[in-house]
Amino acid sequence: MKVVRTLDALRDVTTGWHKAGETIGVVPTMGALHIGHLSLVTAAKAGTDRVIVTIFVNPTQFNNASDLETYPRTEEDDLAKLDPLGVDVVYIPGVDQMYPDGFATNISVAGISGGLCGSKRPGHFDGVATIVTKLLLQTAADRGFFGNKDFQQLQVVKRLVRDLDIPTEIVGCPTVREDDGLALSSRNMRLSDGARKQAPHLYAAMMAAAKAMREGATVDAALGAARETILTAGFTEVEYLELRTEDGLHPMQELDVPARLLAAAWLDGVRLIDNIAV
Ligand code: AMP
């Protein structure tokens, strides 16, 4: 496994692979790797000849300086987790590699970037779209592997790849969960022991709401009850809890399939997000 920190060194490797007729898969991450990230690597290994994992904590997608500062950085551990999986290259560019002096371009995907995580995090998806575009072009990947965990992000990436004719197939992979249902996230490690025990109530409430809607409850009633459950469980705020169309993430007043239930909620000062198919 090779660690590469510059675009020139990365291009040397990828050009050789493509000349040899090998396909390239990329798994973009911000590090602090857990089993959810590693499941994307496994999917990439199965779907392409060569696998690149990128680790870059992208400053432009953070709205909050302290969130960026406290984001876990665990490079040594990350490399130790990737090594046994047969990853070919780990690309760890510096901020100056990605945003050199004079950088002035912004990729903004209209529509799908609004609402949900886009409402309270202005500019977040522009930051994501810009960095993902760069990473797909830099790695010259044939396939990019992304988690359903960040469902809105996955839709933003699918849209920009279509719109900009980027020749990378985007593959969405299932959310990996703890045994108690909590979706794995690098942010879970910030939860106190007590909050960690409360955290699975988010997923449980979403599952109960989905079941209720499938059995005929109105969307308003099911989501209202889920909101109550989440707050009673100790969450301090439900930022959003919404039923949307799976394709395009349009708001839905009545259940129709395929639909997606998406939520963001605060617990113990940590913002947790989750989503499920209904
Ligand atoms: P991040 O490092 O949080 O930016 O995430 C990098 C990639 O890992 C994104 O495509 C995420 O959707 C994906 N990911 C994060 N958590 C999970 C999870 N629990 N299951 C599957 N994929 C995940």
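Just a few scattered comments:
- In sequence order, region 136-153 has phi-based couplings of 5, 6, 5, 7, 6, 6, 7, 9, x, 10, 10, x, 4, 3, 9, 5, 5, 4 Hz under the Karplus curve 6.51 cos²θ - 1.76 cosθ + 1.60, θ = phi - 60°, and Gly or Pro positions carry x.
- Using alpha-carbon coordinates, inclination of helix 35-47 to the longest axis of the chain, degrees: 50
- The distance between label points at residue 137 and residue 236 comes to 4.0 nm (points 7 Å beyond Cα on the Cα→Cβ vector).
- Where the alpha-carbon atoms of region 190-229 are placed on the principal axes, they occupy 37, 14, 11 Å, in descending order.
- Calculated FRET efficiency for the pair residue 119/residue 164, C-beta based, R₀ 22 Å, to 0.05: 0.35
- Across the accessible surface of the chain, with the other protein chains kept in place and a 1.4 Å probe, carbon and sulfur atoms take up 51 percent.
- Multiplying the residue separation of residue 46 and residue 277 by 0.36 nm and removing their Cα-Cα distance gives an extension gain of 80.7 nm.
- log₁₀ of I(q)/I(0) at q = 0.17, 0.20, 0.29 Å⁻¹ - region 81-124, Debye sum with one point per alpha carbon: -0.80, -0.82, -0.98
- Given 120/149; 45/81; 2/45; 2/81; 158/211, the pairs whose alpha carbons are separated by over 20 Å: 158/211
- Gain upon complete extension [residue 192, residue 108; 0.36 nm per residue less C-alpha separation]: 26.7 nm
- Gyration tensor verdict on region 1-70 (Cα atoms; rounded if a/c is under 1.5, prolate if a/b is larger than b/c, oblate otherwise): oblate
- Computed lengthening from residue 96 to residue 75, 0.36 nm per intervening residue step minus Cα-Cα distance: 5.8 nm
- Residue with peak Gaussian network fluctuation, the chain [Cα springs, cutoff 10 Å], from 169, 246, 76: 76
- In order along region 111-120, phi translates into HN-Hα couplings of x, 5, 7, x, x, 6, 5, x, 6, 8 Hz, rounded to whole numbers, per the Karplus curve 6.51 cos²θ - 1.76 cosθ + 1.60 with θ = phi - 60° and x for Gly and Pro.
- Between residue 19 and residue 178, the distance separating the two model label sites (each 7 Å from Cα on the Cα→Cβ line) works out to 4.9 nm.
- Computed E for residue 257/residue 217 - FRET, C-beta separation, R0 22 angstrom, nearest 0.05: 0.90
- Where N is the number of residues in the chain, Cα Rg divided by 2.2 N^0.38 Å: 1.02
- Taking a ≥ b ≥ c as the square roots of the Cα gyration tensor eigenvalues, region 1-125 comes out prolate, since a/c reaches at least 1.5 and a/b is larger than b/c.
- Gyration tensor verdict on region 143-278 (Cα atoms; rounded if a/c is under 1.5, prolate if a/b is larger than b/c, oblate otherwise): oblate
- Couplings 3J(HN,Hα) of region 258-265, computed from phi: x, 10, 10, 9, 10, 9, 9, 8 Hz, in residue order, whole Hz [Karplus 6.51 cos²θ - 1.76 cosθ + 1.60, θ = phi - 60°; x for Gly and Pro].
- Remark: region 140-264 carries 49 Å² of accessible area per residue (probe radius 1.4 Å; ligands, DNA and RNA excluded).
- C-alpha long axis of helix 201-214 to longest principal axis of the chain, angle in °: 70
- Between 29, 105, 130, the GNM of the chain built on Cα springs shorter than 10 angstrom shows 105 fluctuating the most.
- Fluctuation leader among 143, 227, 196 - the chain, Gaussian network, Cα springs under 10 angstrom: 196
- Over the C-alpha atoms of region 138-189, the Rg to Rh ratio, Rh being the Kirkwood estimate, stands at 1.08.
- Amide H contacts of residue 184: 176, 177, 178, each under 5 Å away and 5 or more positions distant or on a separate chain (H built 1.01 Å from N in the peptide plane; Pro and chain starts excluded).
- Its Cα gyration tensor gives region 79-179 an equivalent ellipsoid; the semi-axes, largest first and in whole Å, are 22, 20, 15.
The values are calculated or read from the model by the stated rules, or taken from the named source; none is laboratory data. Predicted, not measured: the structure shown is a model, and the values here were computed from it. Every residue, glycine among them, receives a Cβ derived from its backbone with ideal geometry; neighbour counts consider all protein chains shown. Ligands, DNA and RNA are stripped out before the accessible areas are found, and what is left, the full protein with its side chains, is counted by its heavy atoms. Shrake-Rupley method; radii C 1.70, N 1.55, O 1.52, S 1.80 Å.
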